[in-house]
Structure formats: C-alpha cells, structure tokens
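Undergrad: Below is the structure I would like to discuss, written out as structure tokens.
What follows draws every value from the coordinates through simple rules; no lab data is involved. Predicted, not measured: the structure shown is a model, and the values here were computed from it.
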Amino acid sequence: MNRPARRPPLPRTVLTALEPRALLEFGLLGLTAPLLRRAPEGDGHPVLLLPGFAAGDATLRPLQVFLKDRGYAVETWGLGRNVGFHRKFANAIEQKVRYLHHRSGRKVSLVGWSLGGVFAFYAAHVAPECVRTVISMGSPLRVDPDGEGAPLAVKALYRALAHPLGPIAHAARMRARSLRIPPPVPSTCIYSESDGVIPPGQATIQGRHAEHENIRVPGSHLGLGVNFLAMWVIADRLAQPEGDWQPFEASGPIAPLYRALDSLPGIV
C-alpha cells in the first residue's frame, strides 16, 4: 500500500508537543482488546521485537503479549536500553537472528519500533536467508542531512547517549546508507503523518510493490507500539504465508474503522 504522502495536519513543532497523546493510544488498548482478539492468527514462527532509541524491552511488552496470543514464538532483543545505531548492537542483532533461525529451523520475522526498525532492516539486509519478513514502525530509514529531522530534544538525547555528533554520525555510515532500499525479503514500513518525532519522508522507502509497502496509520510516534491499528497491521503482515506475501489490504472487522480513521486529516 504505497500511498502518496499528504501534508501533515499540523506544523511538526505542534505535533511534537502533542506526542503525550500516546497515553490515549495506550488507554485505548483495553477498549480495543476484543477487536484485536479477532486479528489474524499466526503459525508459530519466531518473531523478534526491537525497541526504539533510549527504550528497552519493557516498552514492547503490550506488543509481545498480543503477538504471543496470536500464536507466535516472540523474542525481544535482550540488550538493555537501545542507545544508538552502534556496530556492537547491529552485530548482536544479526547473530541473534541467525541463532533463532538455527534453533527453530524456521525463518524469523523482525518488528522494530523507531530506531529498532533500523536494526531490523539492517538484519534483513545482511542475513536475508534467515528472515521471513521485516516491519518497521516510525523508523528513520532515510535520514537526510539537509532535510527535516527529528526534534531538537531527540537530537540532544542522541548526542548524550549515542554519539556527540548526533544521529547524522550513524546515518552516514555504510550500513545505514544501505537501508534506503528495501531488503531482499518482504518488507513493510508503518508510519504516521502526525508523527511528532520522525517525519514520514524518513520513515518510508520505495520499492517494488510485490515485495515492499508503506502503510499509513493515524497516531503519535511514542504510541505506535501500542496503537491498535498498527498492532492489527503487524498481525496481518506476520500471518502472510511464507513465500506467498501479498500487499496489505484492510479487511475483516478492522476495515471500516481503519478506512474511517485513516481518512481523517487531524490528530487521532
């Protein structure tokens, strides 16, 4: 579902200030739980979840519980807090993907939130023989030094925790530049045009429709991992039969609600 980007409903500075609306998205999980129980079920293959910058496995718990309920063998990265796109983390994720593939005898699906999606796409590029599909959520896959970037507070935090030059220091490295094209496995970029942290142009990439898609959902950046529409999309993508991946098309009980919310120009 590679759709053209629309203009943000509000200036990005306003969207950034409104990021606490993620609390509302988290609160909606209880109300939408009956609907999510009707999401497509899985076939038990391993799924590796990767957290965003400055976050750890705890932030992935709602998604982990949901996907386990759908029937997947879910793992989290287990490396503590994500403090930047460092080589040691990139190598560790690659090795974990290879280990899960060897242990299970099945290809691994990767789901990464924000910077976690960068690691997920990197692993899919370097170990495609071990990866079934890869999904990012609001991930900065195309950092443009001259374009619109993350909020100043995020850049300052990256300088403090990861690198004194900020995100651009890691974005300029060869392993990051390779992420501007889809990996040789089915891939999905989930993004929001009301994301107050990562501009939509950085969270999407272009590729052949038969192998890659960009899927828009309404919501905040900090709430993507608990956004019930994003969670439904993830379940739908993971349930695609291996070797018979098809682009996303909203269907089932979620379809009317997805189309109604996706058509709204404002903050949802």
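Undergrad: Quick one: Karplus J couplings for the range 212-219, per residue in order, coefficients 6.51, -1.76, 1.60, θ = phi - 60°, nearest Hz, x for Gly and Pro?
TA: Per residue, the Karplus-derived 3J(HN,Hα) values read 9, 8, 10, 10, 8, 10, x, x Hz.
Undergrad: Between residue 53 and residues 5 or more places away or on another chain, which pairs have amide H atoms under 5 Å apart, with H built 1.01 Å from N, and which residues are they?
TA: Correct list: 115, 116.
Undergrad: May I pose another question? Apply the Karplus curve 6.51 cos²θ - 1.76 cosθ + 1.60, θ = phi - 60°, to the phi angles in the range 57-74 and return the couplings in whole Hz, x for Gly and Pro.
TA: 4, 4, 5, 9, 4, x, 5, 4, 4, 4, 6, 5, 5, 7, x, 9, 8, 9
Undergrad: Give me the count of lysine pairs in the range 12-262 whose alpha carbons sit under 24 angstrom apart, restricted to pairs 8 or more positions apart or on different chains.
TA: Taking the Cα cut-off of 24 Å, the pair count is 6.
Undergrad: Take the Cα pairs of the range 12-262, get the Kirkwood Rh, then feed it into Stokes-Einstein at 10 °C and 1.306 mPa s and tell me D in µm²/s.
TA: Answer, rounded: 89 µm²/s.
Undergrad: Taking the DSSP beta bridges in the range 12-262 as the whole, what percent of them are antiparallel, to the nearest 5?
TA: Here the antiparallel bridges make up roughly 0 percent for the range 12-262.
Undergrad: Report relative contact order for the range 1-145 in percent, whole number only (criteria: Cα-Cα under 8 Å, sequence separation at least 6).
TA: 22 percent
Undergrad: Ok, one more. With θ set to phi - 60° and the Karplus curve 6.51 cos²θ - 1.76 cosθ + 1.60, what are the ³J(HN,Hα) couplings of the range 92-105 in order, to the nearest whole Hz, using x for Gly and Pro?
TA: 5, 5, 4, 5, 5, 4, 5, 5, 4, 5, 5, 5, 8, x
Undergrad: Using the scaling law 2.2 N^0.38 Å as the reference, what is the normalised Cα Rg of the range 189-230?
TA: After normalising by residue count via 2.2 N^0.38 Å, the value is 1.16.
Undergrad: If amide H atoms are built 1.01 Å from N in the plane of the peptide, which residues on other chains or at least 5 residues away come under 5 Å of the amide H of residue 75?
TA: Hits under the 5 Å cutoff: 47, 48, 49.
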